[in-house]
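Data first, discussion second: the structure below is written as structure tokens.
Bear in mind these aren't lab numbers, they're just calculated from the coordinates by the rules spelled out. Not measured: the values here are computed from a predicted model. Cβ sites come from the backbone with ideal geometry, for glycine too, and all protein chains shown count toward neighbours.
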Amino acid sequence: MHEVQQSVKRRLEGLLGKPEYRDILAGWIIEAMIGLGAEKASVNASTEEMRIIDRPLLAKAEERVRELTGRKVRLQKSGSAPLLARGVVLEAEGGRLMFNNQVPTRMLRYRSEIRKLTADALER
């Protein structure tokens with residue numbers, strides 16, 4: 001399990017400067033915004049990821065949330081200190097709700113699926 005987590009972290013680090021990382025970030029933002037269920041939210045991420053997150057990326061995420069849910073949402077970059085781990089945290093307007101979609105949290109969320117896939121691979 002530890003090796004799988006390290007592999008994921010290395011792969012993401014390798015993708016950081018590549019164009020496809022924008023799509024990964026957009027996906028995490030979309031997933032978090034749908035999970036948050038708010039109308040407006042701010043997006044926080046690591047220093048490197050915050051450089052990638054711009055108005056066009058946020059507009060793309062807003063449009064995709066609308067397509068998937070029918071909800072019109074508004075996203076903005078957070079003014080808070082950047083996060084240490086990869087991934088995003090969305091905070092609803094007013095600060096009462098947050099959705100953590102950072103890589104370590106995602107790994108915990110999918111732990112049972114990762115274990116099953118690892119066990120299946122070891123049985124082959």
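At-a-glance table
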read-out: Translational diffusion coefficient (Stokes-Einstein; Kirkwood radius from C-alpha pairs) of the stretch 72-124 at 10 °C, 1.306 mPa s, in µm²/s; value: 117
read-out: Distance between modelled label sites at Ser112 and Glu48, nm, 7 Å Cα→Cβ extension; value: 3.3
read-out: Antiparallel %, DSSP beta bridges [both residues in the chain], to 5; value: 65
read-out: Using a Förster distance of 30 Å, the FRET efficiency for Lys72-Gln6 (Cβ separation, nearest 0.05); value: 0.15
read-out: Selection from Ser42, Val89, Leu108, by position along the positive dipole direction of the stretch 39-111 (Cβ); value: Leu108
read-out: The stretch 2-119: relative contact order as a whole-number percent, Cα under 8 Å and 6+ apart; value: 29
read-out: Among [x] 1.07; [y] 1.12; [z] 1.57, the entry derived from the coordinates for Cα Rg over 2.2 N^0.38 Å; value: [y]
read-out: Gained length - Ala81 relative to Leu15, 0.36 nm times residue gap less alpha-carbon distance; value: 21.5 nm
read-out: Dipole magnitude of the chain, debye to nearest 20 (Cβ charges: Lys/Arg +1, Asp/Glu -1, about Cα centre); value: 60
